[in-house]
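I'd like to ask some things about the structure below.
The values are calculated or read from the model by the stated rules, or taken from the named source; none is laboratory data. Computed from a predicted structure; not experimentally measured. All Cβ positions, glycine included, derive from the backbone under ideal geometry; neighbour counts span all protein chains shown. Heads up: the accessible areas ignore ligands, DNA and RNA and are worked out on the full protein's heavy atoms, side chains in. Shrake-Rupley method; radii C 1.70, N 1.55, O 1.52, S 1.80 Å.
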Amino acid sequence: LAMAVFLAGHIAMYKVFRRLGVPKRPKNWGKIFDTATKQPLGRAIVRIFDQKFNRLLETQVTDRNGRYAFLVGKNAYDLTAELNGFQKQQIKSLDVKEEFVGLDIGIEKSK
């Protein structure tokens, strides 16, 4: 009986620590889309940079619905979005007040 209680306690503690250890998923997603057709663009590359040091923090590839999100701290960031056949889009001086970045960004086809 004591062993069963001990095992149940370990399992409960494991679940609590597992829940606390996994980072929160963003509640809102940003989307990368074609400005002409308004269709989402999958496999676009989105990068976020620390503005102060111009250091790359993270790179993500959008899913088939053009969605992406970055978990960050409150700070100023630069964001880029690019895809083959489209012009690179840059967003400078993005002042983040929340824990995540997820903007809808339209990019134009290359001429």
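Taking 30 Å as R0, compute the FRET efficiency from the Cβ-Cβ separation of Asn75 and Arg18 and round it to 0.05. All intermediate terms of the calculation are to be shown ahead of the outcome.
Details: r = 29 Å, r/R0 = 0.96.
The computed FRET efficiency comes out at 0.55.
Taking the Cα centre of the chain as origin and charging only Cβ (+1 Lys, Arg; -1 Asp, Glu), how large is the dipole, in debye to the nearest 20? Please report the intermediate quantities before stating the final value.
Details: 20 positive and 11 negative charges, 44 e Å.
In debye, rounded to 20, the chain gives about 220.
State, to one decimal in nm, how far the label point of Lys109 lies from the label point of Leu94, with both points 7 Å from Cα in the Cβ direction.
With each label point 7 Å from Cα toward Cβ, the separation is 2.6 nm.
Carbon and sulfur: what percent of the chain's accessible surface (1.4 Å probe)? Intermediate results must be reported in sequence, preceding the final value.
Details: 4540 of 8230 Å².
Using a 1.4 Å probe with all protein chains present, the chain comes out at 55 percent carbon and sulfur.
Lys/Arg Cβ at +1, Asp/Glu Cβ at -1, dipole of the range 1-105 taken about the Cα centre: which of His10, Ala44, Phe33 is farthest positive-ward?
His10
For a 32 Å ceiling on Cα separation, which of these pairs sit above it: Lys38/Lys92; Lys31/Lys111; Lys52/Lys88; Lys15/Lys92; Lys38/Lys74? Intermediate values should be presented prior to the final figure.
Values: Lys38/Lys92 23 Å; Lys31/Lys111 23 Å; Lys52/Lys88 21 Å; Lys15/Lys92 41 Å; Lys38/Lys74 30 Å.
Distance filter (> 32 Å) returns Lys15/Lys92.
Further, regarding this structure: Which order do peptides 49-59, 69-79 fall in by mean Cβ count within 10 Å, highest first?
Listed from highest to lowest mean packing, they are 69-79, 49-59.
Taking a temperature of 20 °C and a viscosity of 1.002 mPa s, what whole-number D in µm²/s does Stokes-Einstein yield for the range 31-93 with Rh from Kirkwood over alpha carbon pairs?
Working: Rh = 12.1 Å.
This corresponds to a translational diffusion coefficient of 176 µm²/s.
Tell me, rounded to the nearest percent, the portion of alpha carbon pairs in the chain spaced more than 25 Å apart.
Working: 2285 of 6105 pairs.
Here the long-distance tail beyond 25 Å is 37 percent of all Cα pairs in the chain.
Could you check what % of the DSSP bridge pairs in the chain are antiparallel, to the nearest 5?
The antiparallel fraction comes to roughly 90 percent.
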